[in-house]
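Written below as structure tokens is the structure these notes are about.
The values are calculated or read from the model by the stated rules, or taken from the named source; none is laboratory data. Remember, predicted model here, so these are calculated numbers, not experimental data. A quick note on method: Cβ atoms are made from the backbone with ideal geometry, for glycine too, and the neighbour counts reach across all protein chains shown.
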Amino acid sequence: MTDGRKRCQVAWAGELSQILLELEVQEDATVAEVLEAARRLHGDESIPWRDAAVGIFGEVCERTAVPRDGDRVELYRPLRIDPKEARRSRARRSGGG
């Protein structure tokens, strides 16, 4: 966009639901500002808008980062089990380790 604004997506995958919001924000908006705009638009306070780890296209970043036009800002939830331990457990159950 050339009018001082940009488009960003905000993604969240919870245990039972997912959201993918399209937003238009100021060109210099930070991740925190994009998430605040998403919170106001979506309104679901069960989503950890202010506390979750965040990233842009799978790369963890600070909330002070400035996403580019077209970027997807993602909210991450904590892992319930370490992925390496989950693989080891599956291997043990299947007799592979």
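Points worth noting:
- Here L23 does not fit the description of being surrounded by 13 or more Cβ atoms within 10 Å (Cβ to Cβ) and touching a residue at least 60 places away in the same chain (Cβ under 8 Å).
- Taken over region 55-71, the criterion of being surrounded by fewer than 12 Cβ atoms within 10 Å (Cβ to Cβ) and under 11 Å from the mean Cα position of the chain (by Cα) is satisfied by G58, E59, V60.
- Set R72, R77: member being basic (K, R), in contact with a strand residue (DSSP E or B) (Cβ under 9 Å, 6 or more places away or on another chain) and more than 22 Å from G4 (Cα to Cα): R77
- Test: residue in region 72-86 that is surrounded by 13 or more Cβ atoms within 10 Å (Cβ to Cβ) and over 10 Å from the mean Cα position of the chain (by Cα): no
- Positions within region 38-54 being surrounded by fewer than 18 Cβ atoms within 10 Å (Cβ to Cβ) and modelled with pLDDT of 90 or more, in sequence order: R39, R40, L41, H42, P48, R50, D51, A52, A53
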